[in-house]
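Coordinate-derived values only; no laboratory data. Small disclaimer: the values here were computed from a predicted structure and weren't measured. Neighbour counts run over all protein chains shown; Cβ positions are idealised from the backbone, glycine included.
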Amino acid sequence: MSKKLSTAAVIGSLVLVLALAPAAFAGKGGAGGKGGGSTSSGTALNGVVSGGSYTVTGTGFRAGELVALQIGEAGGCCNATNIVADSSGSFTYSGSIWGSGVYTVSASELVRSRWTIVARWSFTA
């Protein structure tokens with residue numbers, strides 16, 4: 001049982017490291033705040049909190065562009081996912097609120113072969 005648990009922990013850690021790789025290589029940039037964040041490139045994140053969930057909308061991305069999202073959840077946990085901008089350069093992501101604290105969503109895109117944070121949005125639950 002202990003060996004199975006150790007193997008599961010190693011695999012889970014590896015998956016988390018690979019999922020967060022864009023954040024680790026992201027350069028400084030972007031803007032943040034409760035009202036949404038945007039940069040001079042025109043990308044922006046804006047969100048809405050409702051009940052036990054939140055929805056973030058990204059705008060100003062290139063149509064079909066792969067966007068890496070890094071989600072910092074209350075209590076220090078994290079999540080990461082990739083999403084593709086639609087034909088108008090927008091996307092929507094929804095998540096659950098698991099506890100009290102600050103939640104932050106950062107969007108990264110490839111800029112000169114490097115993942116760069118281009119927009120942020122945060123709220124306190």
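For the range 82-125, filtered to residues that are surrounded by 14 or more Cβ atoms within 10 Å (Cβ to Cβ) and polar (S, T, N, Q), the residue that is farthest from Asn46 (Cα to Cα) is Thr116. Of everything in the range 55-70 that is of a type in the set (A, V, I, L, M) and surrounded by fewer than 18 Cβ atoms within 10 Å (Cβ to Cβ), the residue that is nearest to Ser106 (Cα to Cα) is Leu66.
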